[in-house]
Amino acid sequence: MSQSTKYYVVKQKAIPEVLLRVVEAKRLLESEKAATVQEAADMAGISRSSFYKYKDDILPFHDNAQGRTITLMFQMDDEPGLLSDVLKIVADFKANILTIHQSVPINGIASLSLSVQVLEETGDVSRMIETMENWRGVHHVKILAKE
């Protein structure tokens, strides 16, 4: 019986340090700041075997996001202007809003589904989501899908 591969979107704080160092080693190689895998691994503070073990298993979220659609789910306070604030964040990062669906608020909390197209000029998507999460009145943001 073959086992299918599952993918997860995980916040950076939940990722083990070794995986973050693998990402750093890959960045060093891609930017040609390191000439060999051994050199990149040394600079990132991991073993060469750790690099090879995990190199195909972790990618930064924003890589290859251009032209993609990201669907986000929010829990937020039912306050006048809060939806406009969230949409302004998307506009400030130069992403394209495709769909918006806000539920009828229950106990002062609304659920919002937002589909956003990442364009060539869109800023760092991770920073955009972090900005939304830290906005007053937004309880949490969850990435539902990336197409």
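The values are calculated or read from the model by the stated rules, or taken from the named source; none is laboratory data. Given the structure is predicted, the values throughout are model-derived calculations rather than measurements. A quick note on method: Cβ atoms are made from the backbone with ideal geometry, for glycine too, and the neighbour counts reach across all protein chains shown. Surface areas here come from the heavy atoms of the whole protein model, side chains and all, with no ligands, DNA or RNA. Shrake-Rupley method; radii C 1.70, N 1.55, O 1.52, S 1.80 Å.
See the values below:
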quantity: GNM top mover of Ala34, Ala95, Ala25 - the chain, alpha-carbon springs below 10 Å; calculated: Ala34
quantity: Label corresponding to Kirkwood radius over Cα pairs in Å when calculated from the structure given, among (i) 17.4; (ii) 15.7; (iii) 18.2; calculated: (i)
quantity: Approximate spin-label separation Asp78-Ile58, in nm, with each point projected 7 Å along Cα-to-Cβ; calculated: 4.2
quantity: Surface accessible to a 1.4 Å probe, Thr122 within the full protein complex, Å²; calculated: 20
quantity: Average accessible area per residue (Å²) across segment 67-117 - probe 1.4 Å, nucleic acids and ligands excluded; calculated: 51
quantity: Candidates Asn96, Asn134, Asn107: whichever shows maximal mean-square fluctuation once the chain is modelled as a Gaussian network with Cα springs under 10 Å; calculated: Asn107
quantity: For Thr36, net neighbour charge (Lys/Arg +1, Asp/Glu -1) across residues whose Cβ lies under 12 Å away; calculated: -1
quantity: For the chain: relative contact order, % (alpha-carbon pairs under 8 angstrom, 6 or more apart); calculated: 25
quantity: Additional length obtainable on full extension of the chain from Trp135 to Tyr8, 0.36 nm per residue less Cα span; calculated: 43.3 nm
quantity: Proximal aspartates and glutamates to Lys6, defined as alpha-carbon separation beneath 20 angstrom and excluding residues fewer than eight positions away on the same chain; calculated: Asp56, Asp57, Asp63, Glu147
quantity: Separation in nanometres of the label points that stand 7 Å from Cα toward Cβ, at Ser49 and Glu147; calculated: 4.4
quantity: Calculated FRET value between Thr36 and Thr71, using beta carbons and R₀ = 30 Å, to 0.05; calculated: 0.15
quantity: Portion, in percent, of the accessible area of segment 41-138 that falls on carbon or sulfur, probe 1.4 Å; calculated: 48
quantity: Contact order normalised by residue count of segment 87-143, Cα under 8 Å, 6+ apart, percent; calculated: 32
quantity: FRET E, pair Val18, Ile109, Förster distance 35 Å, beta-carbon r, rounded to 0.05; calculated: 0.40
